[in-house]
Amino acid sequence: MKIRTVLVGRPSGSPETTMSVSADVATVNGTAYDLSGVPEGGSAVPGGDHPFVGAIKRVGGQIEVSVHWSYDTATASPDQGSDHPVFVTTSGAVPDPVQRLEVQE
């Protein structure tokens, strides 16, 4: 799965996005989304409440999604850059794309 993260800063204490992948199932914030129905060369636009941005596509056998990724601005660098971090994975947790502040010891 190719995952493009669209970073969304939230006030301190707000929940942050977590995501994992298992084949064509994306689990975002504890909710599993089975994307296996998206056909090769096709796309789907989900309805209802979901974390996805725009159409979900399957290209070359791989699901491609964009996901709203909420993060706590109190723990993040003020400049997250203009690029949307992209990850490719078939299984496991999606890494945190947020540039974090250095922890002072």
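What the table shows:
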{"item": "Share antiparallel - DSSP beta bridges, the chain, percent rounded to 5", "result": "70"}
{"item": "Segment Val6-Ala74, length gained on full extension (0.36 nm per residue, minus Cα span)", "result": "22.7 nm"}
{"item": "Residue among Gly30, Gly48, Gly60 with the largest mean-square fluctuation in a Gaussian network model of the chain, springs linking Cα atoms under 10 Å", "result": "Gly48"}
{"item": "Structure-derived semi-axes √(5λ) of the Cα gyration tensor in Å - corresponding label in (1) 27, 13, 13; (2) 26, 16, 13; (3) 73, 11, 10", "result": "(1)"}
{"item": "Residues Glu16, Glu40 arranged by fewest to most Cβ contacts within 10 Å", "result": "Glu40, Glu16"}
{"item": "Charge dipole (debye, nearest 20) of the chain; +1 at Cβ of Lys and Arg, -1 at Cβ of Asp and Glu", "result": "300"}
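Read-outs throughout are calculated quantities, based only on the coordinates presented, and are distinct from any laboratory measurement. Note that the coordinates shown come from a computational prediction; the quantities given were computed from them, not determined experimentally. So basically every Cβ, Gly included, is an ideal-geometry build from the backbone, and we count neighbours across all protein chains shown.
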